[in-house]
Amino acid sequence: MLTNREIFVTDPTTTSIPNEGVTKVLDPNTPQEWEVLRYELSSFVCEGEYRRGLERVLSSYLAHLDQPSQPAVWVSGFYGSGKSHFVRVLEYLWRDITFPDGVSARSLAHLPHDIEDLLRELTTAGRRAGGLWSAAGTLGAGAGYNVRLALLSIVFRSADLPERYAPARFVIWLKQNGYYADMRAAVERAGRDFDHELNNMYVSPYLTSALLEVYPDFAASPADARGLLKTQYPNRDDISDDEMLTAMADVLALQSSPPAKPPCALLVFDELQQFIGEDQDRTRNVQLAVEACCSRFGSQLLFVATGQAALQATPQLSKLQGRFSARVTLGDTDVERVVREVVLRKQPDNIPTLKSVLDAARGEIDRELAGTKIGPTPTDTPDLVPDYPLLPARRRFWERVLRAVDSAGTAGQLRTQLRIVHEAARDVANAPLGTVVPGDMIYGQLKLDMLQSSVLLREVNETIERLDDGTPDGRLKSRLCAAIFLVGKLPTEGITATGLRATAATLADLLVENISVGSDPLRQR
């Protein structure tokens, strides 16, 4: 008899989700960050709106290369729908980054032929220009809420420059004049970290000594050199559009090959809606900065931004509609598809065996929570194999519970569902085929969050845990009370009511684990 773990493409007992389902839009530096990026690219499910979104972004960019500017792209979707994952994959597919072991980003991703064709066409366009380059980040993360400086901090970081304006401009000057490598080597010979010294460039004796070593004509003495640095590259709280555009042009020239031609560049603003908020001035400054960049760099530069809402949904976002005219919208079905492909994907050879087990248990499956709004329906049949070891009625029960106890608004998060379903699959992995995830399992997954939000009182949780005295009866009592608590949190009135009541039949439906036989011990109690 097969065990559950044998039917999965990826064994849940020996694997984990490296990023815990949370995508951070940043450049990888450590071995761990490179492995996370490898996982995100190799597990990217290029289907549904993710596929349509990539096609829309790439085809729109290529079609507008002979136009004055590119229509910017707005990626929307509820909190945790995978927006950051989408734009991060887009960024690294765009420039086809090479990993330390020589593997390329595009070779890791499983992409449809039409997307591969568009990426090849993008590469050809890059050869005609100054190559392919990208920068991505969250506005406000590096330079507060000044839009121009925040934009540049993203560009600087992706170009391996200091995020702050003054040190970045100094390093750009060093690179433009051929002093950078010698300067860095001189500082490191003195036993100092070059990046650390840059953060203290006005007072660092190691930096000024190295500068005078590689460029003796810069100043007469170290003190003079420090004064000149402070005068030439002062700290700035704001800069003009011209200064922003000059800095961007210098960065793009450093990334270009040949330098005379700007690269095909992608600039991603993750969580732009959160940055804007309800601030009218910030909205206007974002719009002006994007328009200034588009006017200066033309169709070579593409902006992509993300937000939870569609542009027409709020007064502030609606002001960006003219510039962000290309749209990508992610939804619930995309989250379900990712969970099925990343966590629950089945070995093709074992699907017939699984299907026969499920067919033999249809009586048990079809009776589960029957008569309620989340009970079995004829449309469940196509989902039985993809969702196993979750049963359709229990998946809907989990969805309703998540919404009911979700004071932080994380119920629909791709990251939340990936984590919960992965742990659920791991819990039943070593059990025989036909053993499904019990409905009360989600209590343990949500317990800490519910305690922190006071949805679950500490005394109630202690009572539930105390019932489990290590005996089978004690374990069952604890599980029953956890299920009763969850059912009690569901709405009982209005359109969100499920019709569930904590009856013996309902509790048995939620807790039965063995559907391969018709005599689960729980049914006999």
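Please work out the FRET efficiency for the pair His113 and Val9, using the Cβ-Cβ distance as r and a Förster radius of 22 Å; give the result to the nearest 0.05.
0.50
Within a Cβ distance under 12 Å of Leu451, other residues only, what is the Lys/Arg minus Asp/Glu net charge?
-2
Val103: net charge of surrounding residues, Cβ under 13 Å, Lys/Arg +1, Asp/Glu -1, itself excluded?
Around Val103, the surrounding residues sum to -1.
Return the FRET efficiency for the residue pair Leu457, Glu291: r is the Cβ-Cβ distance, R0 is 30 Å, and the value is rounded to the nearest 0.05.
0.05
So how much accessible area does Lys373 have, in Å² to the nearest 10, using a 1.4 Å probe?
120 Å²
What order do Glu40, Glu423, Glu6, Glu364 take when sorted by accessible area (1.4 Å probe), most exposed first?
Glu6, Glu423, Glu364, Glu40
With the cut-off at 28 Å, tell me which of the pairs Lys83/Lys261; Lys83/Lys489; Lys175/Lys230; Lys373/Lys447; Lys346/Lys489 have Cα atoms farther apart than that.
Lys83/Lys261; Lys83/Lys489; Lys346/Lys489
Could you please report the charge total around Leu311, scoring K, R as +1 and D, E as -1 over all other residues with beta-carbon less than 10 angstrom from its beta-carbon?
Its environment carries a net charge of +3.
Which sequence of Met201, Met1, Met441 reflects their accessible areas, 1.4 Å probe, from the largest down?
Descending order: Met1, Met441, Met201.
Rounded to the nearest 0.05, what FRET efficiency do Ala370 and Asn29 have when you use their Cβ-Cβ distance and R0 = 51 Å?
Between Ala370 and Asn29 the formula returns 0.40.
Label-point separation (nm) for Met1 and Arg501, each offset 7 Å from Cα along Cα-to-Cβ?
3.6 nm
Multiply the residue gap between Val203 and Asn177 by 0.36 nm, knock off their C-alpha separation, and tell me the result in nm, one decimal place.
The span from Val203 to Asn177 would gain 7.1 nm if fully extended.
Hey, what number do you get for the chain at 222 nm if only DSSP H runs of n ≥ 4 count, each worth -39500 (n - 2.57), divided across all residues, to the nearest 500?
-15500 deg cm²/dmol
Amide H neighbours of Arg327 under 5 Å, at least 5 residues apart or on other chains, H built in the peptide plane: list them.
HN-HN under 5 Å from Arg327: Trp74.
Run the accessible area of the chain with a 1.4 Å probe and give the carbon-and-sulfur part as a rounded percent.
It is 49 percent, rounded to a whole number.
Sort Asp66, Asp182, Asp270 by accessible area with a 1.4 Å probe, largest first.
Accessible-area ranking of Asp66, Asp182, Asp270, largest first: Asp66, Asp182, Asp270.
Express the relative contact order of the chain as a whole percentage, based on alpha carbon pairs under 8 Å and six or more residues apart in sequence.
Here the relative contact order equals 22 percent.
Any idea what diffusion coefficient region 180-280 gets from Stokes-Einstein, in µm²/s, Kirkwood Rh on alpha carbon pairs, 37 °C, 0.692 mPa s?
197 µm²/s
Of the listed values [x] 22, 50, 25, 2; [y] 19, 43, 28, 9, 0; [z] 13, 27, 28, 20, 10, 1, identify the label whose number matches P(r) over Cα pairs in 20 Å bins from 0, in percent calculated from this model.
Answer label, from the structure shown: [y].
What's the extension gain from Arg192 to Arg128 if we count 0.36 nm per residue and subtract their Cα-Cα distance?
18.9 nm
Would you mind working out the accessible area per residue for the chain, using a 1.4 Å probe, and quoting it in Å²?
Accessible surface, normalised per residue, equals 44 Å².
For the modelled label position 7 Å from the Cα of Gln232 along Cα-to-Cβ, which residues of region 143-171 have backbone nitrogen atoms closer than 15 Å?
Correct set: 166-171.
The values are calculated or read from the model by the stated rules, or taken from the named source; none is laboratory data. Because the structure is predicted, anything quoted here is derived from the model rather than measured. Note that we place each Cβ from the backbone using ideal geometry, even for glycine, and neighbour counts take in every protein chain shown. Only protein heavy atoms, including side chains, enter the accessible area calculation; ligands, DNA and RNA are left aside. Shrake-Rupley method; radii C 1.70, N 1.55, O 1.52, S 1.80 Å.
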